[in-house]
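For reference, the structure discussed in these notes is given below.
The values are calculated or read from the model by the stated rules, or taken from the named source; none is laboratory data. Remember, predicted model here, so these are calculated numbers, not experimental data. Methodologically, a virtual Cβ is constructed for each residue, glycine included, from the backbone with ideal geometry; neighbour enumeration extends over all protein chains shown.
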Amino acid sequence: MKITTGIIAEFNPLHLGHEALLASVEHPCVVVLSSNFVQRGSPAFADKFTRARMALNSGADLVIELSFLFSCSAGQDFAKGAVNLLSHFAGTIAFGMEDPDFDVEAVIFAENTPAFAQVLRQKIGRGASYPKAYALALEAVVSGAGAFITKPNNMLAISYMRENFRNSYGLKILPVKRQGGYSSRAVREGNFGMMPEFSRKLVAQAKEEGRISDEGRLWPMLQGIFLRSSAEDLRSIHGIDEGIEGLFLRHWRDAKGMDDFVGRCVCARYTRAKIRRSLVYVLLGLNRWEVMGAMRGGVPYARVLGFNDKGREILRKTSGIRVITRLAEVRDKIGKYFADVEFRASQLYELTLKNSDFKRETQKPVIIQAESQ
C-alpha cells in the first residue's frame, strides 16, 4: 500500500523549486496550503484557489486549506495547525531545508534544557525579540544551532518535527535539500522566469483580472481604526502585547503608507512579521481570548481547496476529521468560529485587490483530472 506524502506550503507563489519538491516525493501527495494571508502576515500574492490550481498542476493530488487562524500565525502555531491537519491525510511529511543533514533532534532536545530556558529569559529580559533570543539560547546549548535556525526553511522544519514528536503523530520525516536558489520573493518582485509555465499563465491571468494583492490598499482602513482606538482598545486584540499598541499609536500619523508604518515599528523586540500579523488581527478585530480558546484544540475541520482523481481517493479513505468543501457546512461552535474568521479574512483579502470578488470565498474546489496535469 502506498503511503501518502504530505507537504506544508504557502506557494506564494509556486516556483520551480516547489515543483521539484513535488516531483521528488512519493505519490499520492497532499498539500496543506496557507489561506489568503500567509505566515509573515501579508496577503498572499494570489488567492488560495489560484495557488491550489498551481499546486495541482505541478504534482499535488489533494490541496487542503490551512485556515487563517493558523496560516497567519507565528511559526509555532503555524506548524501546530499544519501538522495536526496533515496527520489526518498522510503518513510522511516532506519539506525543503537549507541544511537537511543537521541534527534537528538535538535542537528539539535542547529546547527542554534548563540552560536553554535560562538564556532565553535573559535575552528577552534585555529586550531581544523572541526569534533573536531563541537563536542565542539554542547556540548556547548546541553549537551551530543559532546559525542553523536563521534560515527560514530550517526553522520551519524544526517546528514541524517538534509537533510530530510532541503529539505522537507518527509521521515519517523526509527532509529534502533545497535546490536552485529559487525564491517566491523574487517571483513577487517580477522574476517570473522562476515559475513553471502553467503557474506563469495563472499569474498573468490574475494580473490581467486585477487579482494580484496590494497590501497598501488596507492602509486607509487601518488609519481609521487607529484614529478611533485607545491603547486599551488595542490591547483586547489578539497579538497585541508587550507595548506594541504604543508603537502603533505613536507612528501611524507620520507614516506614508503601510510599508513605511511597518518599518517605523520594527525594533529589537518586534520583527516585521510580528508587526504585520498584528495589524491583520487589528483589521479583523480579533479578540485575544476568543482566538486563544478556539486554537487550543487544534484544527476543527479540513476544507478541500482542490483535488484530482488520486486526491478523491485520499478523501474517501480519510477519517478522524470533518471534511468540508464550503464554510457553511460547519456546525460545531469552534468550527463556526474558525469559519467565520476565515470568511472575514477572505473578505479583507479581497480589499487588497484591484478587482474584488467577495463571492470568491464561496466557490467550489478546483477539480483536475489526473491525466491532464
Residue in the stretch 204-243 that is nearest to Gly41 (Cα to Cα), counting only those that are touching a Ser or Thr at 6+ places or on another chain (Cβ under 7 Å) and surrounded by fewer than 19 Cβ atoms within 10 Å (Cβ to Cβ): Glu215
Got a number for residues in the stretch 113-138 being surrounded by fewer than 19 Cβ atoms within 10 Å (Cβ to Cβ) and either under 17 Å from Ala273 (Cα atoms) or touching a Cys at 6+ places or on another chain (Cβ under 9 Å) (or both)? 6
Quick check on my filter: what residues within the stretch 347-363 are within 15 Å of Glu215 (Cβ to Cβ), surrounded by 13 or more Cβ atoms within 10 Å (Cβ to Cβ) and not small (Gly, Ala, Ser)? Leu348, Tyr349, Glu350, Leu351, Thr352, Leu353
Among the residues that make up the stretch 326-335, is at least one of them at pLDDT 95 or above, touching a Cys at 6+ places or on another chain (Cβ under 8 Å) and assigned to a helix (DSSP H, G or I)? no
Among the numbered criteria (1) crowded, with 16+ Cβ neighbours inside 10 Å; (2) not in a loop (DSSP other than H, G, I, E, B), which single criterion is violated by Gly193? (1)
The stretch 275-315, subset in contact with a Pro (Cβ under 8 Å, 6 or more places away or on another chain) and farther than 21 Å from Ser34 by Cβ, residue surrounded by the fewest Cβ atoms within 10 Å (Cβ to Cβ): Glu313
Residues satisfying the stated conditions in the stretch 325-340, i.e. over 13 Å from Pro300 (Cα atoms) and touching a residue at least 40 places away in the same chain (Cβ under 8 Å): Thr325
Kindly check whether there is at least one residue in the stretch 87-100 that is in a helix (DSSP H, G or I) and either at pLDDT 90 or above or more than 20 Å from Ala273 (Cβ to Cβ) (or both). no
Any chance you could count how many residues in the stretch 40-83 are part of a loop (DSSP other than H, G, I, E, B) and on the phi < 0 side of the Ramachandran plot? 14
For the stretch 67-104, give me each residue that is among the hydroxyl-bearing types (Ser, Thr, Tyr) and within 14 Å of the chain's Cα centre (by Cα). Ser67, Ser71, Ser73
Which members of the stretch 354-369 meet the condition of being part of a loop (DSSP other than H, G, I, E, B) and β-branched (Val, Ile, Thr)? Ile368
Leu136 versus (1) of a type in the set (A, V, I, L, M); (2) more than 30 Å from Asp357 (Cβ to Cβ); (3) in the same structural domain as Lys359 (by TED's automatic domain parsing): which is the lone unmet condition? (3)
Check Leu202, Leu234 and return the single one that is closer than 17 Å to His251 by Cα and of a type in the set (A, V, I, L, M). Leu234
Which residues, taken from the stretch 153-169, are touching a residue at least 24 places away in the same chain (Cβ under 8 Å) and either under 16 Å from Glu10 (Cα atoms) or not in a helix (DSSP H, G or I) (or both)? Asn153, Asn154, Met155, Leu156, Ala157, Ser159, Tyr160, Asn167, Tyr169
Those residues of the stretch 206-238 which are among the small types (Gly, Ala, Ser) and closer than 13 Å to Tyr281 by Cα amount to Ser236
Quick check on Glu313: is it within 18 Å of Leu348 (Cβ to Cβ), outside any loop (DSSP other than H, G, I, E, B) and either out of contact with any helix residue (DSSP H, G or I) (no Cβ under 6 Å at 6 or more places or on another chain) or free of Cβ contacts under 8 Å to residues at least 60 places away in the same chain (or both)? no
